[in-house]
Amino acid sequence: MSKATIAVTGATGQLGGRVAKKLDAQQIPSRLIVRDLSRAPDLQHAEAVAASYIERDSMLEALKGIETVFFVSGFESEDRLVHHKAAVEAFVESGVKRVVYTSFLGAASDATFTFARQHFATEEYLRTAGLDYVALRNSLYLDVLPYFAVEGEIRCPAGHGRFAPVAREDIADVAVHALLDKEIKSGSYNVTGAELLSMQDVAALLSSIQGTTVKFVNEGVEEAYASRAHYDASDYEKEGWVTSYLAIARGEMNVVSDVVKKFTGHDPITPAAFLQALQNQKA
Ligand SMILES: NC(=O)c1ccc[n+]([C@@H]2O[C@H](COP(=O)([O-])OP(=O)(O)OC[C@H]3O[C@@H](n4cnc5c(N)ncnc54)[C@H](OP(=O)(O)O)[C@@H]3O)[C@@H](O)[C@H]2O)c1
């Protein structure tokens, strides 16, 4: 294997893929740890190896010589923490020094958003393992706002709560900076956009940019579960979806941070600019 000292997990996904490309553009060698080699991005300065968090031997092999890891949180399943714990154990066993982890805003053991509890537990694994770590507590992705609207309606129990969505592209810039700057102190960093929006605001933005009418319908909790009952997803995932909106309603995502600007030197893209660019691509 090459002399890469940075490994990127989740490189077949949206965020890991962006981080891998950005490192490559700077001609920084990296090792992409993927579960399926055939879907690994083909990059000039990167090599791909097959491993999965839960497979100790493949992880130890993939991590040989690696000092810093971009650790992408795994699929939201009931045993996700088992995978995360195994990954952290492999990092320690193979001598990794620093980990940049994709956590979530408001990560806490008693967070309303159930997935944010898992992120907190994963941060705890990193902390107690004695690793130098940077947990990026990302807000909701700006990229997903258009998918909130189904048949002209955003239906969810977010009430009047507000959140500051952040683009994956900005998070990837933050992550690359965190991977390369070893002076960044171990700890958790909120990564958000610069504008707080309510779901009414999101509906109004989508309406004006898409030239259609999008309405926000505030659901009750039971109604929210009922309207998602037909989706092909586990109860566990559905609980995650519904509680993410409840966390907004309860003000747990009412956070604006300056981390994008501080880490990257540029402002986060605004929701209007992001959605307009998306709309222009479609036209
Ligand atoms: N902030 C938000 O709004 C938000 C929204 C959705 C998700 N997330 C979280 O942020 C993470 C990164 O986002 P994304 O947009 O890059 O997601 P994504 O496009 O779904 O990519 C997830 C990546 O993680 C890999 N992965 C999943 N489970 C794994 C496991 N157990 N072992 C090894 N690799 C595993 C996937 O590999 P395969 O290609 O082999 O499946 C994929 O490469 C997600 O995984 C999720 O935890 C955040």
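Here is a yes/no grid of residues against (1) under 13 Å from A158 (Cα atoms); (2) among the acidic types (D, E); (3) more than 19 Å from the chain's Cα centre (by Cα):
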site: A229; (1), (2), (3): no, no, yes
site: E237; (1), (2), (3): no, yes, no
site: R250; (1), (2), (3): yes, no, yes
site: N254; (1), (2), (3): yes, no, no
site: S257; (1), (2), (3): no, no, no
site: H266; (1), (2), (3): no, no, yes
site: A272; (1), (2), (3): no, no, yes
site: A277; (1), (2), (3): no, no, yes
Report task. Looking at (1) within 14 Å of the ligand (Cβ to nearest atom); (2) in a helix (DSSP H, G or I); (3) touching a strand residue (DSSP E or B) at 6+ places or on another chain (Cβ under 9 Å); (4) touching a residue at least 40 places away in the same chain (Cβ under 8 Å), find the lone condition where L179 falls short. Result -> (1)
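Here are K22, K64: which of them is in a helix (DSSP H, G or I), more than 13 Å from the ligand (Cβ to nearest atom) and modelled with pLDDT of 95 or more?
Working: K64 fails: in a helix (DSSP H, G or I).
Matching residue, one of K22, K64: K22.
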Query - So D36, is it at pLDDT 95 or above, out of contact with any Leu (no Cβ under 8 Å at 6 or more places or on another chain) and away from the ligand (no atom under 14 Å from the Cβ) - result: no
Requested in this report: Identify, by number, the condition in (1) without any contact (Cβ under 8 Å) to a residue 60 or more places away in the chain; (2) part of a loop (DSSP other than H, G, I, E, B); (3) not small (G, A, S) that Q118 doesn't meet.
Outcome: (2)
Query - Conditions (1) closer than 19 Å to T128 by Cα; (2) surrounded by 22 or more Cβ atoms within 10 Å (Cβ to Cβ); number of the one not met by A62 - result: (1)
Report task. From the list S58, S73, pick out the single residue that is of a type in the set (S, T, N, Q) and not in a helix (DSSP H, G or I). Result -> S73
Requested in this report: Output the residues belonging to segment 121-142 that are surrounded by 22 or more Cβ atoms within 10 Å (Cβ to Cβ), assigned to a helix (DSSP H, G or I) and polar (S, T, N, Q).
Outcome: T122
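Looking at E76, is it surrounded by fewer than 22 Cβ atoms within 10 Å (Cβ to Cβ) and either among the aromatic types (F, W, Y) or under 29 Å from E239 (Cα atoms) (or both)? Working first, answer last.
Values: surrounded by fewer than 22 Cβ atoms within 10 Å (Cβ to Cβ): yes; either among the aromatic types (F, W, Y) or under 29 Å from E239 (Cα atoms) (or both): yes.
Yes; evaluated as a whole, the condition is true for this residue.
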Query raised in the report: In this structure, does G16 turn out to be at positive phi, within 15 Å of the ligand (Cβ to nearest atom) and touching a Gly at 6+ places or on another chain (Cβ under 7 Å)?
Result: no
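The values are calculated or read from the model by the stated rules, or taken from the named source; none is laboratory data. Since this is a predicted model, take the numbers as computed values, not measurements. Neighbour counts are summed over all protein chains in view; Cβ atoms, including those assigned to glycine, are modelled from backbone coordinates with ideal geometry.
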